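Take a look at the structure below.
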Amino acid sequence: MNIQKDYSLKHHHTFGMDVKAALFIEYASVEELQQLLSQKQLEEGRWLHIGGGSNLLFTGDYLGVILHSAIKGYEVVEEDADEVIVRVGAGEVWDDFVAYTVEKQWYGAENLSLIPGEVGASAVQNIGAYGVEAKDLIVEVETLEVATGKPRTFENAACQYAYRESVFKHSLKGQYIVTHVSYRLKKKPCYHLDYGNVRAELEKRKCELTLKNVREGIISIREDKLPDPKVQGNAGSFFMNPIIPRTQFEALLNDYPLMPHYEVDAARVKVPAAWMIDQCGWKGKHLGRAGVHDKQALVLVNLGGSTGEEIIHLSEEIQKSVFEKFGVRISPEVNFI
């Protein structure tokens, strides 16, 4: 177990603010986490469990305990001719896992290539991209209860997944820590190519339809429009795409006939937040040291030395603009700490 006081979190979150944690604890096994929970250190003050920090915005030093998982490993727990279920340690880097599935010729996770963060967070945040969400793959989530240290396994349905939502973000927030996640993947070709410009990217490359080529296509799309957080601090997509009533969508379509959208169900439609932000003229603009990326309006960036408060102020101004123009409220995907 690695325990550090007054520990810099600069390399543990992708916005890159040099904030500190009063206490940083990294554990490498379920047993070490149980030992930590039995000592009741988490009851003495504030605590926060982080992964890769790709969905966090710190507004200052964290005065409590920061926890981080170093639980690693892949284990095939079930397999037949059509599917495989693989159990993964929560501390594994998400994109390393995706690369592993592609190498093994297991289908399902490739559209989630290059999403930053770790495996444990995938189950909490229900990460998603290009028509695929973590919930589509997750079989079960293994956890420890913070109050007792006892293990509890949540089947997929018990996680109450929705768009970027789970039970771990709401009614059970702070009550359980994820230790392992099991995913079901296909062993026979099964692609999702009709969301965004995935198919167009593959056609442009004139390549054979393979898992490796789909992954490379997804990575190319993401790298083209998303800045590298090692170069320019950011948390990827800052806002969630709003899901609006179909009646509201149809009314907007009269004024904006080229408005992109994705069908959710008979009563609801998803509208890209990036498109609305761009229509409001924010792409490439900045307020002080906080800016909007010039290639992707959904991404807010640290232009150098920005504080969390500056990023939040920019996000609030963008939300105000979108609501005034479209009557649609957009919400941050990033967690303010």
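Of all residues being assigned to a loop (DSSP other than H, G, I, E, B) and either open to solvent by 30 Å² or more (accessible area, probe 1.4 Å) or modelled with pLDDT of 95 or more (or both) in the range 121-138, which is nearest to Val167 (Cα to Cα)? Just the residue, please.
First, the residues of the range 121-138 that are assigned to a loop (DSSP other than H, G, I, E, B): 126-127, 130-131, 137.
Narrowing the set further to residues that are either open to solvent by 30 Å² or more (accessible area, probe 1.4 Å) or modelled with pLDDT of 95 or more (or both) leaves 131, 137.
Values: Gly131: 21, Leu137: 17 Å.
In this case the residue turns out to be Leu137.
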Go through the range 48-74 and report how many residues are closer than 24 Å to Ile312 by Cβ and not in a strand (DSSP E or B). 9
Can you tell me which residue in the range 268-302 is nearest to Glu333 (Cα to Cα), limited to those that are part of a loop (DSSP other than H, G, I, E, B), within 21 Å of the chain's Cα centre (by Cα) and not polar (S, T, N, Q)? Leu298
Filter the range 203-228 for residues that are among the hydroxyl-bearing types (Ser, Thr, Tyr) and at positive phi and give the result. none
Unmet requirement for Asn241, which otherwise passes all of (1) open to solvent by less than 60 Å² (accessible area, probe 1.4 Å); (2) without any contact (Cβ under 8 Å) to a residue 12 or more places away in the chain; (3) among the polar types (S, T, N, Q): (2)
Checked against (1) part of a loop (DSSP other than H, G, I, E, B); (2) surrounded by fewer than 20 Cβ atoms within 10 Å (Cβ to Cβ); (3) modelled with pLDDT of 90 or more, Asn254 satisfies every condition except (1)
Would you please list the contacts, defined by Cβ atoms under 7 Å and residues six or more apart or on different chains, that run from a residue in the range 92-104 that is under 17 Å from Thr179 (Cα atoms) to a residue that is open to solvent by 50 Å² or more (accessible area, probe 1.4 Å) and not in a helix (DSSP H, G or I)? Glu92/Lys72
Restricting to the range 157-211, name every residue that is in contact with a strand residue (DSSP E or B) (Cβ under 7 Å, 6 or more places away or on another chain), in a strand (DSSP E or B) and either open to solvent by less than 60 Å² (accessible area, probe 1.4 Å) or free of Cβ contacts under 8 Å to residues at least 60 places away in the same chain (or both). Tyr176, Ile177, Val178, Thr179, His180, Val181, Ser182, Tyr183, Leu185
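The values are calculated or read from the model by the stated rules, or taken from the named source; none is laboratory data. Everything numeric here is computed off the predicted structure, so don't read it as measured data. Because the Cβ atoms are built from the backbone with ideal geometry, glycine has one as well, and the counts that use them run over all protein chains shown. To get the accessible areas, we keep the full protein, side chains included, count just its heavy atoms, and leave off ligands, DNA and RNA. Shrake-Rupley method; radii C 1.70, N 1.55, O 1.52, S 1.80 Å.
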